[in-house]
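These notes are about the structure you will find just below.
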Amino acid sequence: RMAEPTLADCNVGALLRQVAAVQPPGRVQQASADGLSLRGDADQLQQALINLVRNAVEATPEGAAPVELRALRGKDSVVFEVEDNGPGVANPDNLFVPFFTTKPGGSGIGLVLARQVAEAHGGTLTLKNREGTPGCIARLVIPTL
């Protein structure tokens, strides 16, 4: 079980920079609305975003456009988006099944953990294929109220 979140003020821009910094150089481009903040558990949110970004980087072919990691101001929320240029999700029904993985050596817990973090913060996590172009977009929505 995941620990209950320890809520504190989080600078969203700093959070994105930390997530991007642990990825391979040049593979992630990040952007955040100015002055964006929320109350949350920075460590849990960072781990959830690292899992989402790592999946996106692994799905994106070498030489393709970098994964986009962004944070937007939503209505009463912060919306984190991770957008890749990979093949997209082949089997969306199994995305959040614990220990299900399509990756050699994968554990099948990254998306499950990310969803648990979202729900512990009163938020949501969705993944869907991009329309009209290859790739996937993960959307983590965390309420600011």
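Please specify each residue of the stretch 119-143 satisfying the condition of being surrounded by fewer than 21 Cβ atoms within 10 Å (Cβ to Cβ), among the β-branched types (Val, Ile, Thr) and assigned to a strand (DSSP E or B).
Passing the criteria: Thr124, Thr126, Ile137, Val141.
Looking at Val22 and the list (1) open to solvent by less than 70 Å² (accessible area, probe 1.4 Å); (2) touching a helix residue (DSSP H, G or I) at 6+ places or on another chain (Cβ under 7 Å), which single condition is not satisfied?
Result: Val22 fails condition (1) only.
Kindly provide the set of residues from the stretch 25-38 that are open to solvent by 60 Å² or more (accessible area, probe 1.4 Å) and under 17 Å from Ala65 (Cα atoms), ordered by number. Even if it seems obvious, please write down each step before you answer.
At the first step, the residues of the stretch 25-38 found to be open to solvent by 60 Å² or more (accessible area, probe 1.4 Å) are 25-26, 29-30, 34-35, 37.
Result: Pro25, Gly26, Gln29, Gln30.
Being farther than 21 Å from Gly26 by Cβ and charged (D, E, K, R) is the filter; apply it to the stretch 68-89 and report the residue that is nearest to the chain's Cα centre (by Cα).
Only one residue fits best here, namely Arg73.
Identify the single condition in (1) modelled with pLDDT of 95 or more; (2) of a type outside the set (S, T, N, Q); (3) within 26 Å of Asn85 (Cα to Cα); (4) exposed (fewer than 12 other Cβ atoms within 10 Å of the Cβ) that Asp9 does not satisfy, given that it satisfies every other one.
(3)
Given the criteria modelled with pLDDT of 75 or more, of a type outside the set (Lys, Arg), open to solvent by less than 40 Å² (accessible area, probe 1.4 Å) and in a loop (DSSP other than H, G, I, E, B), does Val89 qualify?
So Val89 fits the description; yes.
Collect the residues in the stretch 51-76 that are open to solvent by 20 Å² or more (accessible area, probe 1.4 Å) and in a helix (DSSP H, G or I), keeping them in residue-number order.
Taking the stretch 51-76 as the starting set, the residues that turn out to be open to solvent by 20 Å² or more (accessible area, probe 1.4 Å) are 54-55, 58-59, 61-66, 68, 70, 72-76.
Listed by number, the residues that qualify are Arg54, Asn55, Glu58, Ala59.
The values are calculated or read from the model by the stated rules, or taken from the named source; none is laboratory data. As the structure is a computational prediction, the values presented were derived from the model and not from experiment. Because the Cβ atoms are built from the backbone with ideal geometry, glycine has one as well, and the counts that use them run over all protein chains shown. For accessibility, only protein heavy atoms count, side chains too; no ligands or nucleic acids. Shrake-Rupley method; radii C 1.70, N 1.55, O 1.52, S 1.80 Å.
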